[in-house]
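J.: I'd like to ask you about the structure that follows.
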Amino acid sequence: MLELGTTPNAAPAADLIIDGTDATFMQDVIEASQTVPVIVDFWTPRSPQSQALDQGLEGAVRAEGGRLTLVRINVDTDQVYAEQLRVQSIPTVFAFHEGQPVDGFQGALPPSEIQAFVDKIAALGGEPDNGLADAVEAAEQMLADGEAADAAETFAAILQEDPAHAGAYAGLVRSHLALGDVDQAEAVLNGAPAEISTDVQLEAAHAQVVLAREAENAGPVAELAEAVEANPDDHQARFDLAVAQHANGDAETAVATLLELFRRDREWNDGAARTQLFKIFDALPANDPVVLNGRRKLSSLIFA
């Protein structure tokens, strides 16, 4: 297992997102920005636009891995510094570096511009330390090489450094699945912080756990294939065949089987074939050929 350490010029993982107040502004913003840049988001929960920007900033800041922090100040309860900085509309964002405001904007921004702003501010603190990124890459390689136990230990160590690292949570789930421990994989997934629960990597891990549960009850591929051949209209047998094929590691054939079931009766069992296809798609990388070809063929059937 890799040994991990904290980055001297990075913020502690637990302190990346702070709910600030007028009373803590000096500590959370002015003093803290002597170490790493700080983004201050003056927001209000009454504004959907404000909440959307806040969520976008939070995700972008977490992705920087400690190169900067985000301090959220609710102007409904704390207005002193909003007035001092002449905040005239909400949301308003300021960036601080070495105790001084250095940049900012008003109003909502699209995700690409939020990311560009956060990248620019993070760069003020110097080059990123790739320690966690390198550790994640190493753990992924362990998993690919069949060293699931070592991968699990490394992913767990990463989470000690950054308790909200979505990639490490997803990797730990996949490691336990590779070890055949579905219960532990599910427990890890259920223990992920709420703020990262909608991360695409966690959603993929959830789909993988669901499919692993189904695999526990999968029937023999050969017998199910014979049942389908004997009665092509036995939709349950065809569906069960797809589950068994996927349980045996053949996602491509499972997708083909489900596509045929969808072609024959797209409404069978409340659209079970389509639902199962999306489970498989969600569990695989978005650029996997099985996903790309499967989505294309499904679209063709839907709009035929």
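J.: Please give the length that would be gained between residue 35 and residue 89 if that part of the chain were fully extended, namely 0.36 nm times their separation in residues minus their C-alpha to C-alpha distance (nm, one decimal).
T.: My answer for the length gained is 16.6 nm.
J.: Moving on to the next point. Ordered by residue, what ³J(HN,Hα) values in Hz, to whole numbers, does region 147-152 give under the Karplus form 6.51 cos²θ - 1.76 cosθ + 1.60, where θ = phi - 60° and Gly and Pro are x?
T.: Values, residue by residue: 9, 5, 5, 5, 4, 4 Hz.
J.: Answer rounded, prolate or oblate for region 240-304, using the Cα gyration tensor with square roots of eigenvalues a ≥ b ≥ c: rounded when a/c is under 1.5, else prolate when a/b is larger than b/c, else oblate.
T.: Oblate shape, in that a/c is at least 1.5 and b/c is the bigger or equal ratio.
J.: Whole-Hz Karplus ³J(HN,Hα) for region 173-188, in order, using 6.51 cos²θ - 1.76 cosθ + 1.60 and θ = phi - 60°, x for Gly and Pro?
T.: Residue by residue, region 173-188 yields 4, 5, 5, 5, 5, 5, 7, x, 9, 5, 4, 5, 4, 5, 5, 4 Hz.
J.: For region 30-183, would you read off the P(r) tail past 22 Å as a percentage of all alpha carbon pairs? Walk me through the intermediate numbers first.
T.: Details: 5944 of 11781 pairs.
Summing the P(r) of region 30-183 above 22 Å gives 50 percent of all pairs.
J.: Continuing with the same structure: Can you list which of the chymotrypsin sites (Phe, Trp or Tyr not before Pro) found in region 263-304 are DSSP loop residues with at most 14 other C-beta atoms within 10 Å?
T.: Taking region 263-304 and a limit of 14 other Cβ atoms within 10 Å, the loop chymotrypsin sites (Phe, Trp or Tyr not before Pro) found are 303.
J.: Can you list the GluC sites (Glu not before Pro) in region 72-160 that are in a DSSP coil and have 12 or fewer other beta carbons within 10 angstrom?
T.: On the way: sites: 83, 98, 113, 137, 140, 147, 153; in loops: 98, 147.
Loop-located and lightly packed - 98.
J.: Follow-up question, since we're still on this one. Tell me the GluC sites (Glu not before Pro) within region 216-304 that lie in a loop according to DSSP and have at most 12 other beta-carbon atoms within 10 Å. If you can, show how the numbers build up before the last one.
T.: Values: sites: 216, 223, 226, 229, 252, 260, 267; in loops: 267.
Here the sparse-neighbourhood loop sites are 267.
J.: Expressed as cubic angstrom per residue, what is the convex hull volume of the alpha carbon set of the chain?
T.: Normalising the Cα hull of the chain by residue number yields 153 Å³.
We did not get these values from a lab; they are worked out from the coordinates using the rules stated. Note that this is a predicted model, so its numbers are computed, not measured. When we count neighbours, we look across all protein chains shown, and the Cβ atoms used for this are built from the backbone with ideal geometry, even at glycine.
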